[in-house]
Structures are given as C-alpha cells and as structure tokens.
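Please treat every number below as a calculation from the coordinates, not as lab data. The structure presented is a predicted model; accordingly, all values stated were derived computationally and were not measured. Here Cβ is always computed from backbone atoms with ideal geometry, including for glycine, and neighbour counts include all displayed protein chains.
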Amino acid sequence: MWKARWFVLALASGLVVGAVQAQTLSMQEDFAADPAARGWLVHGHTNLFYWNPTNQNLEVTWDSSLSNSYFCHPLGATLTMEDDFSVAFDLELHEAAIGGYGFELALGLLNLADATQPGFLRGTGADSPNLVEFDYFPDPEGELWWGASVTTMMVDWVGTDSSHWSLGGFAGMELAAHNLYHVELVYAADTRTLRTTITNLTLGGIAVGPVPEAYLPPTFLGFRVDHIAIASYSDANSWGSLWARGTVDNLGVAGTARAIGRVQGGWGAGGVWQARFFSRADWRYTLERTTDFQSWTPVSATRQGVEGDLVLQDAEPPAAAAFYRVRAEQP
C-alpha cells in the first residue's frame, strides 16, 4: 500500500533531505497454481502462453509473425528512473528459428497503455517507448557473423532515436537449448544503471556472461513502466523474424517507489524561495514553511504531480531564517 504522506525538509539557504519513507512493491510467481486467478492477463494471442499445471511453469511461444502479445501482470505502481527495482526469472529455451537478421524474445517491464497501441513496433527501433527489458537474439546458425546475443535495455517515453535509449548492456553469448537459466536485472536510481546477472542452473548455477551494465545517457528523459510482461513482439517493419519455444518460471519483481526524487531548493528569480523535485502524476504536492518547527504553513498552491520535475514557490519568504518541506499526498 502507498504511504499516506511523505515529507522532505529543506533549509531556506540550502537543502537538507530528511528521512523519506517509500513504497515497497514485491511480487513472486512460481506458477504452482493457475496464474489467471492471481491477476495475470493475456493481451493479444492467447495461444502463445500456456500454464502447465503438471510442470508448474509457463510455456511460451515467441512468434514474431503475429501481432504484439503479452502475458502480463500489473505492478501496482508506476516505476520510473528515479526508483530502485529488480526483475528476476528462470528461462529455458527448447527451440528457436530466425529469419533475415533475426529478432528478439523479450521479458521485462513495460507501460501497457503504450505497448498495446497499434503503432507500438519493437522492430523499428523508434516506436517502442517506456521499456526496461531483457532481450535474447538466438544464434543465426552461421548466416550472420555476430551470432547469438543478450541485450538489456531501457527506452524512455519518447524513444524515437538512439539518444532516448540506454547504452551498453550488450553481450555476445548463447543461451543453450534445454538449459535452465536464472536471470536477474537490478536497476539503481542513483547511478542510473541496469545490472544483469545470468547463471546456468542446469550446470549447477555457474555464472555466464558477463553482460555489461546498461546505463542512461544525459539525453534520456525517463521511463514509466507499470506491468511485468513476457512479450512476443511483431516483426513488422523489422529486418528479421523469430519463432521460439520455451518456459518461464519463478518470476519476481521487487522495488522501491518514491513520491519525491531529485530534490533541489534555493532562491529563484524575484526573491522567491523554491523547491524543484521529481513528482509523480498520482500524487499532489504542497510547499510548507516553518520558523520554529512547532507549526507548518502552506505557502504554495497544491499542485498535481506531472511524472517529471515540479517547482513549488514561496513568493513571500520571511526575513528571518525559515525551513521548508514538501508535503506529498494521495487522494
């Protein structure tokens, strides 16, 4: 559950961030029982995803000749690049075939409203906003020189060119058929990096890789993801295709979502004191002031968050030293 209020304390001459509580989210799916009873949904072709009650896992077909299809579950919150989170899962591939320059099978976090739009095309490299994703490109079996590869990547809410994508995160490596792999992605908001570890459980948990960290360039605007999804993407407008079959199991997401991030405070133009911070669209914010810590007075209008930077101002700061806090509330 979301905390009712978060507070940030600020000095008029600078900024001091006090203890700020955060929402934690956690989900774990072992497919021991029918996942449909626990909120899992299929968007697109339902025949690509089959819960196997005997093996207690999810059988998946990735078929890029079909339209975008997702086996997904809501996170219960929107995660952004200001939040810390992790995604983990077990993956075993049974067979895979590619055409042309190949295509990816995918699992990660997405914004479902974006991903279900008709114009959402993963293969163009310019029409798939709001992703944090693990991608595997199977081996083209000698047709092309680069072989199989793993890519972990992030795309911001524009995603129209390479400046809106993460950098790094690429490793030339093969995930052998009929081997069970455990994959973990860990995103750190402070460094804006996505770290990936892969272990081969069939071979006793030995590490494979490594996969270099993916990191956000200065031009990256930010992502907003709200579902965990196993994605079978359409290859429309791409240079290759994919058909693959395998299983997914032990899928988990953990995270810490902050109502306020990147807080800065100081004097603005015209002698006003202002606080600038990252805000969320489902929270409302008010700047409050005190001179004695006995009572707090609202000094700004209450503003709705914008899922980006918000500025609140005290247009008439007192001559004496004052302290400020940003009050964040959900309706």
Exercise. Express the C-alpha Rg of region 261-329 as a ratio against the empirical globular expectation 2.2 N^0.38 Å, rounded to two decimals.
Key: 1.07
Quiz prompt | Helix-only mean residue ellipticity at 222 nm for the chain, each DSSP H run of n ≥ 4 adding -39500 (n - 2.57), per residue, nearest 500 | solution = 0 deg cm²/dmol
Quiz item: Once the principal axes of the Cα atoms of region 205-248 are found, what is the range along each, listed largest first in whole angstroms?
Solution: 37, 37, 25
Quiz item: Once label points are set 7 Å from the Cα along Cα→Cβ at both Gln56 and Thr160, what is their separation, rounded to one decimal in nm?
Solution: 4.9 nm
Quiz item: What is the gain in length, in nm to one decimal, between Glu329 and Leu203 on full extension, counting 0.36 nm per residue of separation less the C-alpha to C-alpha distance?
Solution: 40.4 nm
Self-check item: Rounded to the nearest 20 debye, dipole of region 23-257 from Cβ charges on Lys, Arg, Asp, Glu
Solution: 220 debye
Quiz item: How far, in nm, would the chain grow between Thr191 and Arg284 when pulled straight, counting 0.36 nm per residue and subtracting the alpha carbon separation?
Solution: 30.8 nm
Practice problem: Answer with one residue from Pro318, Gly100, Ser65: the one whose Cα lies farthest towards the positive end of the charge dipole of the chain, charges on Cβ with Lys, Arg +1 and Asp, Glu -1. | Solution: Pro318
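Over all directions, how big on average is the projection of the convex hull of the alpha-carbon atoms in region 108-234, in square nanometres? Numbers along the way, then the final one.
Numbers: hull surface 33.8 nm².
If you wrap the Cα atoms of region 108-234 in a convex hull and average its projections, you get 8.5 nm².
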Quiz item: With charges set only on the Cβ (+1 for Lys and Arg, -1 for Asp and Glu), what does the dipole of region 261-329 come to about its Cα centre, in debye to the nearest 20?
Solution: 120 debye
Quiz item: How compact and how long is the chain, expressed as Rg and Dmax of its alpha-carbon atoms in Å?
Solution: 22.7, 74
Quiz item: Which order do peptides 104-111, 37-44 fall in by mean Cβ count within 10 Å, highest first?
Solution: 104-111, 37-44
Quiz prompt | Pairwise centroid distance, computed over Cα atoms, of region 244-288 with region 40-54, Å | solution = 34 Å
Practice problem: Calculate, for Ala321 and Leu221, the FRET efficiency according to 1/(1 + (r/R0)^6) with r their C-beta to C-beta distance and R0 30 Å; round to the nearest 0.05. | Solution: 0.25
Quiz item: Using θ = phi - 60° and the Karplus curve 6.51 cos²θ - 1.76 cosθ + 1.60, what whole-Hz ³J(HN,Hα) does each residue of region 188-197 get, with Gly and Pro shown as x?
Solution: 10, 5, 5, 9, 6, 10, 10, 9, 10, 10
Quiz item: Once both labels are modelled 7 Å past Cα along the beta-carbon direction, what's the Ala37-Ala97 spacing in nm?
Solution: 3.8 nm
Quiz item: Got a sec to turn the phi values of region 83-99 into Karplus ³J(HN,Hα) couplings, 6.51 cos²θ - 1.76 cosθ + 1.60 with θ = phi - 60°, whole Hz, x for Gly and Pro?
Solution: 10, 9, 7, 9, 10, 9, 6, 9, 9, 10, 9, 9, 7, 7, 9, 10, x
